[in-house]
1. Considering only region 111-165, how many residues are within 21 Å of the chain's Cα centre (by Cα) and charged (D, E, K, R)?
2. Just wondering, is there one or more residues in region 80-98 that are of a type in the set (Val, Ile, Thr), assigned to a loop (DSSP other than H, G, I, E, B) and either more than 30 Å from Phe233 (Cβ to Cβ) or modelled with pLDDT of 95 or more (or both)?
3. I need the full set of residues from region 91-127 which are of a type in the set (D, E, K, R), closer than 19 Å to Glu189 by Cα and loosely packed, with under 15 Cβ neighbours inside 10 Å, in order please.
4. Quick check on this structure: which one of Arg170, Arg130, Arg165 is surrounded by 13 or more Cβ atoms within 10 Å (Cβ to Cβ), closer than 29 Å to Trp209 by Cα and at pLDDT 90 or above?
5. Only one of Gly67, Gly45 is at positive phi and either of a type in the set (Asp, Glu) or surrounded by 15 or more Cβ atoms within 10 Å (Cβ to Cβ) (or both); which?
6. I'd like to verify a number: residues in region 7-25 that are assigned to a loop (DSSP other than H, G, I, E, B) and without any contact (Cβ under 8 Å) to a residue 60 or more places away in the chain, how many?
7. Kindly indicate the residue of region 104-117 that is touching a residue at least 12 places away in the same chain (Cβ under 8 Å) and assigned to a loop (DSSP other than H, G, I, E, B) and also nearest to Leu16 (Cα to Cα) among those meeting that condition.
8. For region 26-68, enumerate the residues that are outside any loop (DSSP other than H, G, I, E, B), in contact (Cβ under 8 Å) with a residue 24 or more places away in the chain and under 25 Å from Leu210 (Cα atoms).
Amino acid sequence: MSPAPGEEKDPHYKLLLGRLFDRLQSKYPEHEALPAASIPDELVGHVVQHRFRAAPNEWPLIQLGPGVLTLNETAKYTWTDFERRAQEAIVALHDAHPKVADLKIQTILLRYIDAVEFDFSKEDAFDFLRNYLKVELRFPDGLFAYPGIDRLPRSSVWQTTFLCRNPPGRVGVSFATGQKADGRAILWETTVQSAGDDLPAMPDGFPKWLESAHNITSDWFFKLIDGELERRFDGE
C-alpha cells in the first residue's frame, strides 16, 4: 500500500526510538508498546506508539510516535519538576535523532486539563461556569418555553483561542463535560501553542518558550478559579 500524500514514512523513526530510550532509561526505565505500534508507521503519523514510564503504570511518562513526542504528568505534578523534565526531553530528542538536520519541529504545545465533579442532573453547568469560573455562557430563556425541553445541559463543548505575543502563538481555553474518576465532571483545558514562524529556535529557545507559556497558563488558571473554587482545590 502506498502512503497517502503527506504521510510518508519517517526514515529515522525506528532508529530514533532505540536511541531515545537509551537516553531516557535512567529516569524512564519502563517501556510500554501500545497497540498502535503494530500498525505501519506511515499509517499512524502523529499517533503515539510507545511510552516510557518512571515506574510500572506510574507517572510521569514520555510518549513517542511518528512525528510526536509528549511529556505527561497527573496528580503528582509540580511545575519545577515538569519544567526540568520537559527541557531534558527536548535535549534528549535532539541528541538522539540520527540526522538532527532533518528534525523539523512543526508545533509545540503546553496543555493543562483540570476537572471538577459536577451533577448535571441537578445543577446548571452554565450557572457553575458563571459563579465559579467567571465565564458567561447563556441561551435565551425563550428557547425553553417550548414544551418538553429540559433547560439543564447534559453535555457541552465550548472553546476559543486568542493570539498572544509572549510567546508568539495562540492561547486556547475550552470547557466540556467529561469524567473525573468515576463521576461526571466539568473539564476545562488551557493551552499555549506555537507553530510555523512563531516557533522559537529549537532546542535552545525552548526553555524561554516554556517559561513564557507557563506564565500564561498559570495566570489564567488562578484568575479563573479565584474565590470559592480555589479554596476547593486547596482542600483536595
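The values are calculated or read from the model by the stated rules, or taken from the named source; none is laboratory data. Predicted model, so just to flag it, every value in this text is computed and none were measured. Cβ coordinates were reconstructed from backbone atoms using ideal geometry, including for glycine residues, and neighbour counts include every protein chain displayed.
1. Total satisfying the criteria: 4.
2. Keep residues of region 80-98 that are of a type in the set (Val, Ile, Thr), which gives 80, 90-91.
Now drop any that are not assigned to a loop (DSSP other than H, G, I, E, B), which leaves none.
Taking every residue of region 80-98 in turn, none turns out to be of a type in the set (Val, Ile, Thr), assigned to a loop (DSSP other than H, G, I, E, B) and either more than 30 Å from Phe233 (Cβ to Cβ) or modelled with pLDDT of 95 or more (or both).
3. Filtering region 91-127 for residues of a type in the set (D, E, K, R) gives 95, 99, 102, 104, 111, 114, 117, 119, 122-124, 127.
Narrowing the set further to residues that are closer than 19 Å to Glu189 by Cα leaves 111, 114, 117, 127.
Result: Arg111, Glu117, Asp127.
4. Working: Arg130 fails: closer than 29 Å to Trp209 by Cα; Arg165 fails: surrounded by 13 or more Cβ atoms within 10 Å (Cβ to Cβ).
Arg170 is the lone residue from the list that is surrounded by 13 or more Cβ atoms within 10 Å (Cβ to Cβ), closer than 29 Å to Trp209 by Cα and at pLDDT 90 or above.
5. Working: Gly45 fails: at positive phi.
Among Gly67, Gly45, only Gly67 is at positive phi and either of a type in the set (Asp, Glu) or surrounded by 15 or more Cβ atoms within 10 Å (Cβ to Cβ) (or both).
6. The total comes to 6.
7. First, pick out the residues of region 104-117 that are touching a residue at least 12 places away in the same chain (Cβ under 8 Å): 105-117.
Okay, now just the ones that are also assigned to a loop (DSSP other than H, G, I, E, B), so 105-106.
Values: Ile105: 15, Gln106: 18 Å.
Filtering region 104-117 for residues that are touching a residue at least 12 places away in the same chain (Cβ under 8 Å) and assigned to a loop (DSSP other than H, G, I, E, B), the one nearest to Leu16 (Cα to Cα) comes out as Ile105.
8. Listed by number, the residues that qualify are His50, Phe52, Arg53, Leu61, Ile62, Leu64, Gly65.
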